[in-house]
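The values are calculated or read from the model by the stated rules, or taken from the named source; none is laboratory data. Here the structure is a predicted model, which means the values were calculated and not measured. Quick reminder, even Gly has a Cβ in these numbers, built from the backbone with ideal geometry, and neighbours come from all protein chains shown. Only protein heavy atoms, including side chains, enter the accessible area calculation; ligands, DNA and RNA are left aside. Shrake-Rupley method; radii C 1.70, N 1.55, O 1.52, S 1.80 Å.
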Amino acid sequence: MTKPISAAAASSIEAAISRLMGSGDVQATFTIARLASEAGLSRATLYRAPELLERFRIAIASHQREVKSPPSPTDRVHQLEAEIAALRGRETEELRALRSSNRNMAQQIQAPSLLVREQKQRIARLQAEPSESGRVATLVARAAAPVR
């Protein structure tokens, strides 16, 4: 069984972890040796505190997720060009779908419009017929005789 580290050593390790992670150095390489140097302890002492080493590893992983190196300008240009191409493709597809929808709606409007025009022509013909013939026939309603 290994000898546990002192409270002062644990406090020193925790302070060193905080300083390293708070340094804001995106290019920094975080190693056990660097942590030991920052804490002023030996690596052997650090290895006797596995829970603190695990916290250090978790802090490193979290720091690396937060501070990803930005892409180079060339990579960024390629990324943006690919995004533009994707957006243009999506725009083309949307325009094609809208044109198709427009055609369908126009066809659906055209059929009733033709029917309305035909009905108006028929009404006009029927209204013109009595005046052209000169004869107007009046219809008189006959009273129906009761059936015996």
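Below are the figures for this structure:
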{"quantity": "Estimated distance in nm for a label pair at ARG99 and ARG125, the labels positioned 7 Å out from Cα along Cα-to-Cβ", "calculated": "4.0"}
{"quantity": "The range 39-124, accessible surface, carbon-and-sulfur percent (1.4 angstrom probe)", "calculated": "55"}
{"quantity": "Simple label model, 7 Å out from Cα along Cβ direction - GLU81 to SER42, nm", "calculated": "5.7"}
{"quantity": "Mean Cβ count within 10 Å, highest first, over the residues of peptides 84-94, 11-21", "calculated": "11-21, 84-94"}
{"quantity": "Positive-end residue of PRO112, ALA33, THR2, charge dipole of the range 1-131 with Cβ unit charges", "calculated": "PRO112"}
{"quantity": "Per residue accessible area of the range 17-112, 1.4 Å probe, in Å²", "calculated": "76"}
